[in-house]
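The values are calculated or read from the model by the stated rules, or taken from the named source; none is laboratory data. All values derive from a computational prediction rather than experimental measurement. Backbone-built Cβ (ideal geometry, glycine too); neighbour counts: all protein chains shown. The area values use the complete protein model at the heavy-atom level, side chains included, leaving out ligands, DNA and RNA. Shrake-Rupley method; radii C 1.70, N 1.55, O 1.52, S 1.80 Å.
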Amino acid sequence: MSFTGKYELQSQENFEPFMKALGLPDEQIQKGKDIKSISEIVQDGKKFKITVTTGSKVLHNEFTIGEESEVEMLTGEKVKAIFQLEGDNRLVANLKGLKSVTELNGDTITNTMTMGDLTYKRISKRI
């Protein structure tokens, strides 16, 4: 199953408490909470390019499954991470105390990020 496509954010849970815990300033959290971000994913075998556009902020990351990559977090901080593919529809990564699981089911992508006992979930649909 290929992740390639454009996805628009449909809903999110725990956005504000999670972003506060990440250290994002309140002003940025308030700006970002109602914006429908667009995620564009290009998958070429084990290589992924992911671009997330939220208003004027663009986050661009590239990685290869099973290889250490440097990725930019929402805070702008760059961290090393290794992404794994579980089955053919789950991307899993651990980055700096944060676990990210991205699951593709048909035209819906669910991204769940967990840090300690705090979980942030976002659901996006293919457009």
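Of all residues in segment 15-35, those being open to solvent by 70 Å² or more (accessible area, probe 1.4 Å), modelled with pLDDT of 85 or more and either of a type in the set (K, R) or at positive phi (or both) number 1.
Against the test of being under 21 Å from E8 (Cα atoms) and at pLDDT below 95, the options K57, K125, K49 yield a single qualifying residue, K57.
In segment 1-82, which strands (runs of 3 or more DSSP E) lie fully inside it and hold 2 or more residues that are in contact (Cβ under 8 Å) with a residue 60 or more places away in the chain and polar (S, T, N, Q)? Even if it seems obvious, please write down each step before you answer.
Numbers: elements: 5-13, 38-44, 47-54, 57-64, 68-72.
In segment 1-82, 5-13 are the strands (runs of 3 or more DSSP E) which contain 2 or more residues that are in contact (Cβ under 8 Å) with a residue 60 or more places away in the chain and polar (S, T, N, Q).
Return the pair list, or none, for Cβ contacts closer than 6 Å from residues in segment 85-106 that are within 21 Å of K49 (Cβ to Cβ) and touching a residue at least 12 places away in the same chain (Cβ under 8 Å) to residues that are among the hydrophobic types (A, V, I, L, M, F, W, C) and outside any strand (DSSP E or B), at least 6 apart or on different chains. Cβ pairs passing all conditions: L85/I65; D88/M1; N89/M1; L104/F3.
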